[in-house]
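The values are calculated or read from the model by the stated rules, or taken from the named source; none is laboratory data. A quick note: this is a predicted structure, and the numbers were derived from the prediction, not measured. Glycine also receives a Cβ, built like all others from the backbone with ideal geometry; neighbour counts cover every protein chain displayed. Areas reflect the complete protein model, heavy atoms only, side chains present, ligands, DNA and RNA absent. Shrake-Rupley method; radii C 1.70, N 1.55, O 1.52, S 1.80 Å.
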Amino acid sequence: MTDILTAIAERRATKRFDPSYQIPDDELRSILNAAMHAPTAFNIQNWRFLVVRDPAQRTKIKEAAWNQPQIEEAAALIVMCADIKAWEKNPARYWDGVPEKMQQTYVGMIRNYYEGHEQVQRDEGMRSCGMAAYAIMMAAAAHGLQTCPMDGFDFKKVGEIINLPKDHEIVMFVAIGKRAGDPPPHGARLSFEEAVRHDRFA
């Protein structure tokens, strides 16, 4: 197992995967289960993970993604989708098992925060999927696998290919598999001083 700090420091976007590698179902399930622990506001769990492994479906998606090879070569392609209306789909279930008064309080807070605020609904979906995508990348690293976060594709076309529900939005892809060959040189990182500020911007 790779420790979390090493996984963060060594993570690279893998552009070429070993197409012969097949990820075991239980391993993929473990990775996605880990991602389901990623935080969401009010615990509404508004991420959805579409696992694409069918070769014909991958070919269609690749054509809508500038023919990037990792679409087909990865062991699994995860389409990260945000359920924008998760907040109104029986919100009491997100707090099932807690005292009734606490459950009712949270359901009220959920409705007050999201109802009539479409931009907030979308923004929360984007944030949730971003955190879940990173959780997938870290969980994959723990299993000795590599990943590639992706957004270079025609969102509308991919939505048509996967029959995306009207109340969902595609956020990004995460390709998972075994890296083929050595990665290219890494780009430069900003200095700590440029990236980190304290209390306020100058």
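Evaluate region 73-95: report whether one residue or more is closer than 25 Å to Ile161 by Cα, part of a helix (DSSP H, G or I), without any contact (Cβ under 8 Å) to a residue 60 or more places away in the chain and not hydrophobic (A, V, I, L, M, F, W, C). Within region 73-95 (the criterion being closer than 25 Å to Ile161 by Cα, part of a helix (DSSP H, G or I), without any contact (Cβ under 8 Å) to a residue 60 or more places away in the chain and not hydrophobic (A, V, I, L, M, F, W, C)), the answer is no, since none of the residues qualifies.
If only residues of region 184-202 that are among the aliphatic types (A, V, I, L, M) and part of a loop (DSSP other than H, G, I, E, B) are counted, the one that is surrounded by the fewest Cβ atoms within 10 Å (Cβ to Cβ) is Ala202. Annotation note: of Ala56, Ala38, Ala34, the sole residue that is part of a helix (DSSP H, G or I), of a type in the set (A, V, I, L, M) and closer than 23 Å to Ala141 by Cβ is Ala34. A search for C-beta distances below 8 Å between a residue of region 30-44 that is under 21 Å from Trp87 (Cα atoms) and of a type in the set (A, V, I, L, M) and any residue that is open to solvent by 30 Å² or more (accessible area, probe 1.4 Å) and assigned to a loop (DSSP other than H, G, I, E, B), counting only pairs 6+ apart in sequence or on different chains, returns Met36/Gln45.
Suppose the filter is under 16 Å from the mean Cα position of the chain (by Cα), open to solvent by less than 40 Å² (accessible area, probe 1.4 Å) and over 17 Å from Ala175 (Cα atoms); does Ala41 pass it? Yes, satisfied. Restricting Glu115, Glu124 to residues that are open to solvent by 60 Å² or more (accessible area, probe 1.4 Å) and over 10 Å from the mean Cα position of the chain (by Cα) narrows the list to Glu115.
Ala74 meets the conditions (1) of a type in the set (A, V, I, L, M, F, W, C); (2) open to solvent by 30 Å² or more (accessible area, probe 1.4 Å); (3) more than 15 Å from the chain's Cα centre (by Cα) in every case but one. The failed one is (2). Applying the condition of being of a type in the set (A, V, I, L, M, F, W, C) and surrounded by fewer than 16 Cβ atoms within 10 Å (Cβ to Cβ) to region 1-38 and asking which residue is nearest to Val107 (Cα to Cα) yields Met36.
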